[in-house]
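The values are calculated or read from the model by the stated rules, or taken from the named source; none is laboratory data. Source: prediction; values computed, not measured. Here the Cβ positions follow ideal geometry from the backbone for every residue, glycine too, while neighbour counts run over all protein chains shown. Keep in mind that these areas ignore ligands, DNA and RNA; they rest on the heavy atoms of the full protein, side chains included. Shrake-Rupley method; radii C 1.70, N 1.55, O 1.52, S 1.80 Å.
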Amino acid sequence: MGKVIAVSNQKGGVGKSTTVVNLAAVLGAKGKKVLIVDFDPQGNTTTSFGIRKKSIRNTVYEVLMGECTAFEAVVATEFRGVSMIPTTQRLSGATAALMNMKDKAKKLDTALEQARDFYDFILIDCPPTLDMLTINALVAANSVIVPLQCEFLSLEGLVELNNTIERVKKNFNEGLHYEGILFTMYVERYKVTGQIVKEVKKYFPKQVFETVIPRNIALSEAPSFGMPALYYDKKSKGSKAYEALAKEILKNEKKRRE
Ligand SMILES: Nc1ncnc2c1ncn2[C@@H]1O[C@H](COP(=O)(O)OP(=O)(O)O)[C@@H](O)[C@H]1O
Ligand SMILES: [Mg+2]
């Protein structure tokens, strides 16, 4: 059975979509079957894979509302091992639509049930909110990756997200755990970087990934060419960092299963 990983942080611009796209590409290239669920109405991940919004028929919105199955919304990407359930702006109406539904927190979990058996990894790109969409992602997930930029107030946001994770664990999903907290756009020479890393490790000593993702131009350029950094510039520091992250995740997974 595959592992479902939610990539979440309620702050925008911290590297969620970049992490989903590049981690998926690396895992796919290693021979894993990967499904991306683009769960952010902005659809950056859908665009990053060069999927044209006009060509999309079913989206994660229809999946969530039970109007089609997950498989009916899956589109292939050009990249080895990676498929995705795309999104459009329509998803922004989902929170309101879910409001009066029964089991509204479990819709995504239920919708992904069959897909879990089919893929090795399902990566959910969460919106920059802590609303019902993110709750659905956390209920469906086995684990969470939290991309974190080293800046003032990062820890406050992390504590708030951690409270949400704890609530989801208590009410819906006992087994939910941290895959890891991931420092992104990391610049070692900035003084604030060391301060934030120290602070975060104090509160979350076991949850921080060894791998850090440096600020790297290839990672920011690749999406405009509709490709992950692995295919845009394999030798870039950014691409190599996501390879290291994939290795770390696979190693941890192996340990957990032993
Ligand atoms: N490690 C990095 N180095 C340089 N630019 C990055 C890096 N990670 C993300 N970016 C850029 O920062 C912006 C925000 O990243 P994104 O992944 O879209 O964040 P989120 O999904 O959390 O909103 C994007 O323009 C992206 O290309
Ligand atoms: Mg995003």
C-alpha center-to-center spacing [the range 194-225, the range 230-258] in angstrom: 13 Å
Net charge over other residues, Cβ less than 12 angstrom from the Cβ of A24 (K, R count +1; D, E count -1): +1
Average Cα contact separation per residue, the chain, under 8 Å, 6 or more apart, as relative contact order %: 26 percent
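Keeping every protein chain present and rolling a 1.4 Å probe, give me the accessible area per residue for the chain in Å².
48 Å²
I need the shape label for the range 89-152. Rule: rounded when a/c is under 1.5, else prolate if a/b > b/c, else oblate, with a, b, c from the alpha carbon gyration tensor.
oblate
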C-alpha center-to-center spacing [the range 11-37, the range 144-191] in angstrom: 17 Å
Positive dipole terminus of the chain, leading residue within N252, S48, Y203 (C-beta point charges): N252
Using θ = phi - 60° and Karplus 6.51 cos²θ - 1.76 cosθ + 1.60, couplings along the range 229-239 (whole Hz; Gly, Pro as x): 4, 4, 9, 7, 7, 4, 8, 5, 4, x, 4
Carbon plus sulfur fraction of accessible area for the chain, probe 1.4 Å, in percent: 50 percent
Packing-based order for 234-247, 5-18, using average beta carbon neighbours within 10 Å, highest first: 5-18, 234-247
Label point at T69 placed 7 Å out along Cα→Cβ; residues across the range 1-42 whose backbone nitrogen lies under 20 Å: 1-4, 33-38
Charge-dipole axis of the range 115-258 as Lys and Arg at +1 and Asp and Glu at -1 on Cβ define it, positive-most pick from H177, F225, Y119: H177
Cα centre as origin, Lys/Arg/Asp/Glu Cβ charges: the chain dipole, Debye: 560 debye
Dipole magnitude (debye, nearest 20) for the range 21-124, charges at Cβ of Lys, Arg, Asp, Glu: 180 debye
Listed residue pairs exceeding 26 Å between alpha carbons, taken from K53/K170; K3/K240; K107/K234: K53/K170; K107/K234
A76-Q114 FRET efficiency (beta carbon distance; Förster radius 22 Å; 0.05 resolution): 0.80
Low-density loop positions, trypsin sites (Lys or Arg not before Pro), the range 155-205 - DSSP coil, at most 10 other Cβ in 10 Å: R189
Computed helical MRE - 222 nm, the chain, DSSP H runs ≥ 4 contributing -39500 (n - 2.57), nearest 500: -12000 deg cm²/dmol
